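Structure first, commentary second.
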Amino acid sequence: MTTALTTGSGLDAETRELLAGSLRELLAAHTDAASIAAALAELGWDEVWAGDPATATTLLFTEHGRALATSRVLDDVLLAELAPALPAPTGPRAVLYPHPADKGDLVACGAPLRGLLLGRLDGVAEVVVPAVDADSAVLLVVPAAKFADATAPTGGFDPQSGWLAVARGPVPDGISPVRAADAWTRAQAAGRRALATEIAGVCEAALALATAHTAARWQYGRPIASFQAVRHRLAEAHVAVVAARTTVEAAWAMAGEPDGGAWAARIAKLRAGRAQADVLRHTVQVLGAMSLTLESEMHRFVTRAAALDALLGDHLSLAEATGTELLTGTEPHPVVEI
Amino acid sequence: MSDEMDAFVAEAREFLEANATRRDVPSTEVEWGRGEDRITYFGDDPPEVDARKVAAAREWQRRRYDAGFGWITGPPQYGGRGLPNVADLVYDALEAEYDVPDTSVLSLIGLGMIGPTILAHGQEPVKDRYLPAMYRGEVIACQLFSEPAAGSDLASLETTAVRDGDEWVITGQKVWTSIAHHAQIGMALCRTAPDKPKHKGITAFIVDMSAPGVDVRPLRQMSGGAEFNEVFLDEVRVPDDHRLGEVDGGWRVALTTLMNERASVGGEGAGPAARAVSPPFLTAVLKAHGRLGDAAARRRLAELAADQIATEYLNLQAVRRLRAGAQPGPEASVSKLMYAQNLTRGAHFAAEIAGPRLIADTGEWGTFSWNELLLSTPALRILGGTEEIMKNILAERVLGLPKEPGIDSTTPFRELRRSGQGRAGGKA
Amino acid sequence: MSETTTTAELAELRTAVRDFLSAKSGEEQVRQVMESERGYDEAVWAQMAEQLGLQALALPAEHGGDGYGFVELAVVLEEMGRALLPSPFLSTIVLAGSALVAAGDAGAQAAHLPGIATGKTTATLAVAEADGAWDTASLATTAIRGDKGWTLRGEKCFVLDGATADLILVVARTDEGPTLFSVGGDAPGLTRTPLRTLDATRRLARLDLADVPAVAVGEPGAAAVVVDRVLDLAMTALAAEQVGGAKACLEASASYARERVQFGRPIGSFQAVKHQCADMLVRLQLADAAAREAADAVAGVDGAPDPGVAAAVAHVVCSEAYMFVAAENIQVHGGIGFTWEHPAHLYYRRAKSSQLLFGGPAVYYERLLSRMGV
């Protein structure tokens, strides 16, 4: 279900279908971060991305979400925006994301590091950490070795995410912060667009599972999909996903702005985050008792969608932040011209 | 209250005083940060703990029975005390003041539903053999109703029972059977006449769970627990005197079972899950996260509190009506729907306040533990009758709206279409 | 005070009121009266008193009432809500009547309650000012003590039946604190302006008071407690009305769903409609339970919950439920539900005006929390 993109895509529909198919195969065949990264490199993903970042990101993160894949491809999205502001890397880099529990606050410079990593740091040389120094966002480039004993699996709602939490990490002595507030804003916007897309992918897969189930499962002599209560739930879920996708598309249209389309990206992430709660509620309900079991895949969609929501701003925190800004006089940026 | 009731109360009080300790009066002040912070709707105990709890339940039930409080309203010839229904409510209210083992593993299904069914439809040998034993805590019963292809549409079940002399031979698969791993007997609904329409070809039996051919396997839930089971029945032999009701008259028997869910005073509303989403607890959650002054959060709290308090009022009024001898109305279904809704919304609200702390365990007391509850609340809207079916029932029975048109209630079962494979009537 | 009424007697009362209202205040009559200047039918009001003694029902026996309590009154109010009866009953009996009883001023009670009980005197209570808040702490309307007694100066807004009431009880600020006063409907210096409302079956007015002579009712400074009590009773009374209206909506929806055929079958056989009706039923059951419990609580029935909490819960639950049911009723009726000629919108308007009568959601959630001590 690839949506038509309005960003003057360099890739035609047929190419997009082919790429989507390749990505699906890739993510089925490779299940750990390193081999996914290698396989993408082999596919020539960097060139695809360079030619049309919007389409490439959309395709990759949609399939990533659908496959419930775990990798550090999101790091690449942020690093692409951060790299120009940073000194040359000494090796592969990863990103330390603000800890979801801190609700968008960046760690203070000089304080013990804390945050979330998308996976193990095997083969990673440096970790890029967004931090705050005298009210301004900065970046710290921390050698990966410093995190040696500081990480633990997040556990939480989605233990299969492979994410690692840094609750109280090293204090980065001797590391000069790089002034990079604009770069971080752009990186966060890019990350939010990608995550919103990934959430939509998870939702679409859940919806496909639910739709297939309701068509196959017969009760009272007919497929349960023929009962209005079921059909209408699926329809509501579908509308929620389409709305989320449309908002991300609109966010891409603003990506070229100096701040990277930050406002629109925030709205897109918020929308997707809110949608996943509704969509998964409907899909769980129509799957009936089977959705409660570990045998069924549905619970994995539930937990993954919720975890993705929490990264780079859960929908409630983003809504609160947006509301506060509006109340203190910030002009909303129109996401769509009506 | 009558003299008879007064005497009963005095006797019950004496029994409870001698055999249990009074509960500390629960204060409305929640002690934040103390004690166990796991909250779950399902039990999720390791097997040894589970076994201990079941043993304690049996032991308490035995004491109650021996003192005359095991089957307060049952007929004396089968071990009951023969008192009117109100005595049950009175005893329950008294017992709630004391710290006693949780007997729901015995009473929720066995004593509350299957016991009354055996009483109404069982043959003498089965009544004599099982009723006193059940109410004395010696025999635990489970319900072998649902099947993989027969969930909401229970009447389309496919487990077969074939007559062989004085016995029946049962083959099939049951699912979502709670308590099966502890049960000594099970009430099984079986297909005995596939050439008749689905409701007219079912027979009910009491099955000995230790009989050859009975295989119980646990089902793993997404909330982490395994309270439910699949039960495979492979040519299990059951004597005809274990049949409940008439041959092919099992649907009527099943309806007795399903109608018999005892409305216990505060029953469902008193568990740890319900307490966790009660107004005092949610207020404590707000306070602990510094959100007591947050207008939006307060409003949500007020909405939840209003619904919960009104649901309590609804339950109280239903009990009053029952006590006054009136027929139960739609309150039970409404109450179940509201309970599920209140618990779900309350869990989500608390989770939102606790916030993204859920995603990664920060070790803070009272935050991460909401995960289990959140993952188990969907169950309330599905198990024991999905929300959609409950709404159908309310609309059809109370509002008189017409049923969905369908031919499956007059067509022979064998000719009905089912999931995927065309025609029904074969073995599962 | 009141005798215990049996279930059978309550059922009889309900039937009597329902039959009376069907005959005297059916849909056609409601629509006519709605358009009238007065906003209620004086003849029907008089018949309510003479034939059924409704005004006297819950007023104290020593002042011409029948001494019944809120449980009985709730039955009457529910039927009035079901019929959408346009009448000053809520303002006269519940607001003014309760205020006089709660103020404990024997002289005022003797002066006014008998007239109210016979239906001769209509009355109301004016508390809210421009901001619509039922809050005695921040009043602008002031009472000045002069040689000839008190005079009132200020403005009261959203006064229920304020333009037609014979007697108006006004809460005004004095040096001692908020105080209750009585003012004649035709008093000098009083200007009464009917407000144009969403719900024409419920009349509201603005009162401008320019040195209006007034008589103090009860102790100066004691009105806060009186208003709190009246508010509990008013929310409870309103809850009963709201349940009555919601029941009428649900019955209309169920009936329509059973009869209307589309796609070859009654629309009630489609799950979407069926579940909508079930949702309405669930909300209504909850509202009914809350309204009943509140009535028991304010009537002081043994074992009933705290009246402050029960009344606030009933107000929240019934306001929300009536809005929901009235809206869904329009939905179930499809296109026809949206027309002027169909009664659905009349209930919808009443649901809305009731929801907002004492401040609305902006206020009633906080009020509940405060009653719960949060």
Condition set part of a helix (DSSP H, G or I) and facing another protein chain (nearest Cβ under 9 Å), scope the range C:302-312, selection nearest to B:PRO330 (Cα to Cα): answer is C:ALA310
Quiz prompt | Filter result for B:GLU388 (at pLDDT 85 or above, more than 23 Å from B:LYS287 (Cβ to Cβ), within 11 Å of chain A (Cβ to nearest Cβ) and surrounded by fewer than 20 Cβ atoms within 10 Å (Cβ to Cβ)) | solution = no
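A quick yes/no check of all residues on (1) assigned to a helix (DSSP H, G or I); (2) within 15 Å of the chain's Cα centre (by Cα); (3) within 14 Å of chain B (Cβ to nearest Cβ):
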position	(1), (2), (3)
A:ARG245	yes, yes, no
A:ALA251	yes, yes, no
A:GLY256	no, no, no
A:ILE267	yes, yes, no
A:ASP278	yes, no, yes
Taking the range A:285-338 and the residues there that are within 9 Å of chain B (Cβ to nearest Cβ), part of a helix (DSSP H, G or I) and hydroxyl-bearing (Ser, Thr, Tyr), the one that is nearest to A:ARG231 (Cα to Cα) would be A:SER291
Filtering the range C:313-339 for residues that are within 14 Å of chain B (Cβ to nearest Cβ), buried (at least 21 other Cβ atoms within 10 Å of the Cβ) and either free of Cβ contacts under 8 Å to residues at least 24 places away in the same chain or of a type in the set (A, V, I, L, M, F, W, C) (or both) leaves a count of 8
Residues in the range C:255-266 that are buried (at least 21 other Cβ atoms within 10 Å of the Cβ) and closer than 28 Å to B:ALA340 by Cβ total 1
The residue from C:GLN355, C:GLN262, C:GLN285 that alone is facing chain B (nearest Cβ under 9 Å) and either over 28 Å from C:GLU28 (Cα atoms) or in contact with an Asp or Glu (Cβ under 9 Å, 6 or more places away or on another chain) (or both) is C:GLN285
Filtering the range A:87-106 for residues that are within 14 Å of chain B (Cβ to nearest Cβ) and on the phi < 0 side of the Ramachandran plot leaves a count of 8
| task | Scan the range B:275-298 and give yes if some residue there is within 22 Å of the chain's Cα centre (by Cα), assigned to a helix (DSSP H, G or I) and modelled with pLDDT of 90 or more, otherwise no. | result | no
Among helices (runs of 4 or more DSSP H) entirely within the range C:1-112, at least 1 residues that are surrounded by fewer than 16 Cβ atoms within 10 Å (Cβ to Cβ) occur in C:7-24, C:27-35, C:42-52
The correct count of residues that are in contact with a Gly (Cβ under 7 Å, 6 or more places away or on another chain) and crowded, with 16+ Cβ neighbours inside 10 Å in the range B:391-412 is 3
Listed by range, strands (runs of 3 or more DSSP E) wholly within the range B:170-259 having at least 2 residues that are closer than 30 Å to A:ASP158 by Cβ and in contact (Cβ under 8 Å) with a residue 40 or more places away in the chain are B:228-239
(1) modelled with pLDDT under 90; (2) closer than 30 Å to A:MET290 by Cβ; (3) away from every other protein chain (no Cβ under 14 Å); (4) surrounded by 19 or more Cβ atoms within 10 Å (Cβ to Cβ) all hold for B:ASP153 apart from (3)
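Let's see how each residue does on (1) surrounded by fewer than 23 Cβ atoms within 10 Å (Cβ to Cβ); (2) at the interface with another protein chain (Cβ under 10 Å from one of its Cβ atoms); (3) touching a residue at least 24 places away in the same chain (Cβ under 8 Å):
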{"position": "A:GLN160", "(1), (2), (3)": "yes, no, yes"}
{"position": "A:TRP163", "(1), (2), (3)": "no, yes, yes"}
{"position": "A:ALA167", "(1), (2), (3)": "yes, yes, yes"}
{"position": "A:ALA187", "(1), (2), (3)": "no, no, yes"}
{"position": "A:ALA190", "(1), (2), (3)": "no, no, yes"}
{"position": "A:ALA208", "(1), (2), (3)": "yes, no, no"}
{"position": "A:THR211", "(1), (2), (3)": "yes, no, no"}
{"position": "A:PRO223", "(1), (2), (3)": "yes, yes, no"}
Picked from the range A:252-272 (must be in contact with a Gly (Cβ under 8 Å, 6 or more places away or on another chain) and of a type outside the set (A, V, I, L, M, F, W, C)), the residue surrounded by the most Cβ atoms within 10 Å (Cβ to Cβ) is A:LYS269
- Inspect all residues belonging to the range A:131-139 and state whether any of them is outside any strand (DSSP E or B), surrounded by fewer than 21 Cβ atoms within 10 Å (Cβ to Cβ) and either among the aliphatic types (A, V, I, L, M) or away from every other protein chain (no Cβ under 14 Å) (or both). yes
Here the residues within the range B:102-150 that are at pLDDT 90 or above and of a type in the set (Ser, Thr, Tyr) are B:THR117, B:TYR130, B:TYR135, B:SER146
In the set C:ALA299, C:ALA272, the lone residue that is more than 9 Å from chain B (Cβ to nearest Cβ), surrounded by fewer than 24 Cβ atoms within 10 Å (Cβ to Cβ) and free of Cβ contacts under 8 Å to residues at least 24 places away in the same chain is C:ALA272
Among residues of the range B:313-327 being surrounded by 13 or more Cβ atoms within 10 Å (Cβ to Cβ) and more than 9 Å from every other protein chain (Cβ to nearest Cβ), the residue farthest from B:TYR91 (Cα to Cα) is B:ARG321
Would you confirm, using the coordinates I've provided, whether A:ARG114 is more than 14 Å from chain B (Cβ to nearest Cβ) and touching a strand residue (DSSP E or B) at 6+ places or on another chain (Cβ under 6 Å)? no
(request) Kindly check whether there is at least one residue in the range A:230-244 that is in contact (Cβ under 8 Å) with a residue 12 or more places away in the chain and touching a Gly at 6+ places or on another chain (Cβ under 7 Å). (result) no
Across the range A:201-236, the tally of residues that are over 30 Å from the mean Cα position of the chain (by Cα) and not in a strand (DSSP E or B) stands at 11
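The values are calculated or read from the model by the stated rules, or taken from the named source; none is laboratory data. Small disclaimer: the values here were computed from a predicted structure and weren't measured. Counting neighbours? That spans all protein chains shown, and the Cβs are built from the backbone with ideal geometry, glycine included.
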